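What follows is a set of notes on a single structure, which appears directly below.
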Amino acid sequence: MTALPLRPDLAGCEPYGAPELDVPVRLNVNENPYPPSPAVVADIAAAVGRAASGLNRYPDRDFPDLRAALADYLAAESGVTLDWQQIWAANGSNEVMTHVLQAFGGPGRTCLSFTPTYSMYPEYARDTFTRYVTGPRREDFTVDVDAVAAAIAREHPAVVILASPNNPTGTALPLDDVVAILEAARGHGPADAAAGDDGATDCVVVIDEAYAEFRRPGVPSALELLERTDGDGAPRYPHLAVTRTMSKAFGMAGLRLGYLAASRELVDMLRIVRLPYHLSAVSQAAALAALDHREKLMSQVASLRDERDHLVNWLRAQGWTAYDSDSNFVLFGPFTDRDAVWQGLLDRGVLIRVVGPEGYLRVCVGTPAEMADFRTALTAVTSDGPHEPDRNGQNLEENPA
């Protein structure tokens with residue numbers, strides 16, 4: 001048999017993926033449990049039908065209409081007014097992140113993040129030949145700004161990625177912390193002879209807000225920082241990028257549409273590395289139609305927030321540690337054998353995720369009926385004794401995250 005010349009650094013690697021199992025209650029990949037209404041489906045189908053009549057032509061490679069619609073949505077959702085040229089989009093936020101690493105990472109450059117966090121970040125770095133370095137979060141999963149600044153000064157990363165809310169912990173970044181990190185990133189990127197006399201560059205700081213619509217009232221978005229300017233009207237933070245997605249709150253995971261907001265300068269640099277016509281005419285049409293129904297598609301967000309908070313309170317009442325969350329999932333535990341608990345839930349038709357710190361599990365918020373099934377299943381699995389709450393675990397009612 002002929003051997004294929006797989007890249008040596010990929011030897012032994014497995015494809016990314018959570019289990020895809022046909023079970024009654026799927027709460028493992030942070031999807032919105034509510035499908036689009038018949039009216040939304042009909043409008044998307046009509047828009048796709050119109051786009052299909054021109055499929056012999058390439059789509060608009062810079063898709064200004066979609067970028068303008070996304071900017072309009074962000075203005076409504078976060079109160080932040082941005083020009084359409086400050087928006088970029090791709091096939092899921094995964095591709096958006098890959099564009100960032102393609103443009104700013106690469107051989108001899110570093111991407112910095114802080115764990116536990118989203119497990120795809122090291123894969124984005126690997127696939128773009130970017131060195132990946134991590135530092136630890138605090139015990140409550142917040143970030144130590146001084147430690148972040150020290151790591152930036154030490155590593156001179158091209159890109160710093162911080163999720164807010166963080167996956168899998170649900171922890172949001174205070175805006176003051178984001179500002180401090182952005183200031184620490186000034187002049188501490190990789191040396192570049194083209195950058196000026198001293199070769200200093202700024203690190204690109206990516207705030208991954210995939211779950212931002214689920215944040216609790218009063219928790220700001222990093223998008224607000226994109227409106228800040230210097231005295232001459234120039235962007236105060238041209239090295240900030242905020243990523244979003246239509247997969248979560250919008251309930252459009254199957255659409256695969258992620259996007260980014262940043263300075264126009266940064267967005268134009270991403271355009272250099274995107275493949276020609278990377279967003280199909282069908283994707284653009286479907287996304288525009290979905291955005292026309294943003295109020296309806298977002299109508300379940302408040303109820304999902306309420307269900308999440310109820311879940312946190314219920315888990316704590318049972319004796320578990322459950323972390324405060326600004327996302328649509330909850331990290332809880334600790335278990336002496338989380339794999340056994342996960343299997344016990346699966347045996348009862350409930351699929352959640354083994355991810356994050358050792359001993360913990362993550363459950364996505366579903367419909368009220370699905371959450372009732374989860375609570376019943378967890379009670380049954382943990383009622384025998386071996387999987388009861390570990391009383392040595394942190395009690396977050398006394399020490400909230």
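The values are calculated or read from the model by the stated rules, or taken from the named source; none is laboratory data. Quick caveat: nothing in here was measured; it's all calculated off a predicted structure. So basically every Cβ, Gly included, is an ideal-geometry build from the backbone, and we count neighbours across all protein chains shown. Areas reflect the complete protein model, heavy atoms only, side chains present, ligands, DNA and RNA absent. Shrake-Rupley method; radii C 1.70, N 1.55, O 1.52, S 1.80 Å.
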Checked region 14-58 for anything without any contact (Cβ under 8 Å) to a residue 40 or more places away in the chain and not charged (D, E, K, R); matches are Pro15, Gly17, Pro38, Val41, Ala42, Ala45, Gly49, Ser53, Asn56
When every residue in region 30-47 that is more than 20 Å from Ala372 (Cβ to Cβ) and part of a loop (DSSP other than H, G, I, E, B) is compared, the one least open to solvent (accessible area, probe 1.4 Å) is Ser37
By my count, helices (runs of 4 or more DSSP H) wholly in region 115-205 with at least 1 residues that are more than 30 Å from Val29 (Cα to Cα) and modelled with pLDDT of 95 or more are 145-155, 175-185
Log entry, pairs with first residue in region 102-130 being more than 19 Å from Val143 (Cβ to Cβ) and open to solvent by 50 Å² or more (accessible area, probe 1.4 Å), second being in a helix (DSSP H, G or I) and among the polar types (S, T, N, Q), beta carbons closer than 7 Å, six or more apart or on different chains, reads Asp127/Thr98
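For every residue, the table says whether it meets (1) in a loop (DSSP other than H, G, I, E, B); (2) more than 17 Å from the chain's Cα centre (by Cα).
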position	(1), (2)
Arg61	yes, yes
Ala71	no, yes
Val80	yes, yes
Gln85	no, yes
Ala89	no, no
Val96	no, no
The condition of being in contact (Cβ under 8 Å) with a residue 40 or more places away in the chain and either open to solvent by less than 30 Å² (accessible area, probe 1.4 Å) or among the hydroxyl-bearing types (Ser, Thr, Tyr) (or both) holds, among Arg308, Arg353, only for Arg308
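Quick test for you: out of Gly319, Gly344, pick the one residue that is of a type outside the set (A, V, I, L, M, F, W, C), more than 18 Å from Glu95 (Cβ to Cβ) and buried (at least 17 other Cβ atoms within 10 Å of the Cβ).
Sole residue among the options that is of a type outside the set (A, V, I, L, M, F, W, C), more than 18 Å from Glu95 (Cβ to Cβ) and buried (at least 17 other Cβ atoms within 10 Å of the Cβ): Gly344.
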The one condition Met252 fails out of (1) buried (at least 18 other Cβ atoms within 10 Å of the Cβ); (2) free of Cβ contacts under 8 Å to residues at least 60 places away in the same chain; (3) within 30 Å of Gly105 (Cα to Cα) is (2)
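Residue-wise test of (1) loosely packed, with under 12 Cβ neighbours inside 10 Å; (2) of a type in the set (A, V, I, L, M, F, W, C); (3) at positive phi.
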residue	(1), (2), (3)
Glu20	yes, no, no
Gly49	yes, no, no
Ser53	yes, no, no
Val80	no, yes, no
Trp84	no, yes, no
Ile87	no, yes, no
Asn94	no, no, no
Those residues of region 158-200 that are free of Cβ contacts under 8 Å to residues at least 24 places away in the same chain and not charged (D, E, K, R) come to a total of 8
